[in-house]
Amino acid sequence: MRLLLRAGIRCSLLVTLVAAVGCRMSERPVPRASLTREPFGSTPAGEAVELVTLTNARGMELRAMSYGAIIVSLKVPDRAGVLGDVVLGYDSLAGYVASSPYFGAVVGRYGNRIADGKFTLDGQQYTLAVNNGPNALHGGLRGFDKVVWGVDTSHTAEGSRVTFRYVSKDGEEGYPGTLTAAVSYTLTDANEVRIAYEATTDKATPVNLTQHTYFNLAGSGDILGHTLTFAADRYVPVDSTLIPTGELAPVAGTPFDFTSAHAIGERIDADNPQLRNGGGYDHTIVLTRADTGLALAATLREATTGRTLQVHTTEPGVQFYTGNFLDGTLTGKGGVVYRRRNGLCLETQHFPDSPNRPSFPNTILRPGDVYRSRTVWTFGTE
């Protein structure tokens, strides 16, 4: 009887052990993305800056720093699997501090232009810092791209994540209200960069945050051979100072029609008054949207490397900028001189000068409300 009992216990233990091992063997190991943090110098004011590196299970790498929440580099594979950096920028903090046309930065409190640096809100006129001819651009003289953000890092179910946080005080660059802002970059194993913005305020204020990365999917040279498609049938015409005229014009029959794929250089120098105003493309593309959820905005392709980029966003527009003001005076990563049209920006955002344009989508954030915006960059090859 004892022998039978012992045998039964042994069999039971064996079955339990085999089942446990079987369960473990059936569970595929989950690739673990890596995340590192390191010093990246100090600002002239002595503020320490951190560099965060996110790497996914497929080797794609994103590096971002706490100064300006700037994406310093973004290495993605080509069709042969070779990684290459597809964004413009500098090798060190010093370049960004000395002279940067918003390379890789989060711009705010208001991305894009506000006419004459003025707007009226709830019966009060506000005067902003003017830094682009007669207008306020990308938050002013010391916008969000020129401040040091706080840093949090984490591993999430989606992938490795870095979150930058900044508190913009009431009156900063002329804007009302203390704005508490955060932006996170999450690198997934699907070769996505998921960008999430969030902000709250204690006083009504305009908010329009965006990411100003300059892309070049070839990794060098100009971007005129890249092909582009927008899910958009209208755009925002501008005057000679790049302030909206107030019209949302149809793209049909114009160089702004990217409803089907066109090379960027195909029509960029056409005899068109809007292209003359911008020195090329520097216009908000009005997305065709069914709702406010994530939707495809743009598809960018580069034939020699096979790299592709899809942009999804919750925003109503994309500022399409073709690096028209790069003039060969800036030397970037690896000693490369950045010349005209060596990079392009796809800045997901609301429309320029919206605080002065009641017909445009609202950009006013009020106490008790939460500003939220999402954009996803998906990289692939073909």
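When the alpha carbon coordinates of the chain are projected onto the principal axes, the ranges are 98, 49, 45 Å, largest first. Put simply, the convex hull of the Cα atoms in segment 224-311 casts, on average, a shadow of 6.2 nm². So which residue, out of SER99, SER354, SER220, gets the largest mean-square fluctuation from a GNM of the chain using Cα contacts under 10 Å as springs? Largest GNM mean-square fluctuation: SER99. Over every Cα atom in segment 164-304, the radius of gyration and the widest Cα-Cα span, Dmax, amount to 18.0, 50 Å.
Starting from the Kirkwood Rh over alpha-carbon pairs, what translational D in µm² s⁻¹ does segment 146-190 have by Stokes-Einstein at 25 °C and 0.890 mPa s? Don't skip to the answer; put the middle values down first.
Details: Rh = 12.0 Å.
Here the translational diffusion coefficient equals 204 µm²/s.
In units of 2.2 N^0.38 Å, what is the alpha-carbon radius of gyration of segment 264-362?
Details: Rg = 15.7 Å, N = 99, 2.2 N^0.38 = 12.6 Å.
My calculation over the Cα atoms of segment 264-362 gives 1.24.
May I ask you to compute the full-extension gain from SER240 to ALA45, defined as 0.36 nm times their residue separation minus their alpha-carbon distance, rounded to one decimal in nm? Working shown, then result.
Values: separation 195, 0.36 × 195 = 70.20 nm, distance 3.66 nm.
Gain on stretching SER240 to ALA45: 66.5 nm.
Straight-line reach from LYS203: which aspartates and glutamates have a Cα under 18 Å away, not including same-chain ones fewer than 8 places off? Straight-line reach from LYS203, under 18 Å: ASP122, ASP170, GLU172, GLU173, ASP369.
One way to sum up the overall shape of segment 73-162 is the equivalent ellipsoid from its Cα gyration tensor, whose semi-axes run 34, 18, 13 Å, largest first.
Relative contact order of the chain, taken over Cα pairs closer than 8 Å and 6 or more residues apart, is 16 percent.
Ranked by the mean number of other Cβ atoms within 10 Å per residue, highest first, peptides 68-81, 236-249 order as 68-81, 236-249.
Is there a pair in LYS118/LYS333; LYS75/LYS146; LYS118/LYS146; LYS146/LYS333; LYS169/LYS333 whose C-alpha atoms are over 28 Å apart, and which pairs would that be? All intermediate terms of the calculation are to be shown ahead of the outcome.
On the way: LYS118/LYS333 37 Å; LYS75/LYS146 24 Å; LYS118/LYS146 21 Å; LYS146/LYS333 19 Å; LYS169/LYS333 33 Å.
Going by Cα-Cα distance, LYS118/LYS333; LYS169/LYS333 fall outside the 28 Å limit.
Could you sort 307-316, 322-331 so that the peptide with the highest average Cβ count within 10 Å comes first and the rest follow in order? Mind showing how you got there, number by number?
Values: 307-316: 21.3, 322-331: 16.5.
Output ranking for 307-316, 322-331: 307-316, 322-331.
Read-outs: derived from the displayed coordinates by stated rules, not from any lab. No experiment lies behind these values; they were computed from the predicted model shown. Cβ sites come from the backbone with ideal geometry, for glycine too, and all protein chains shown count toward neighbours.
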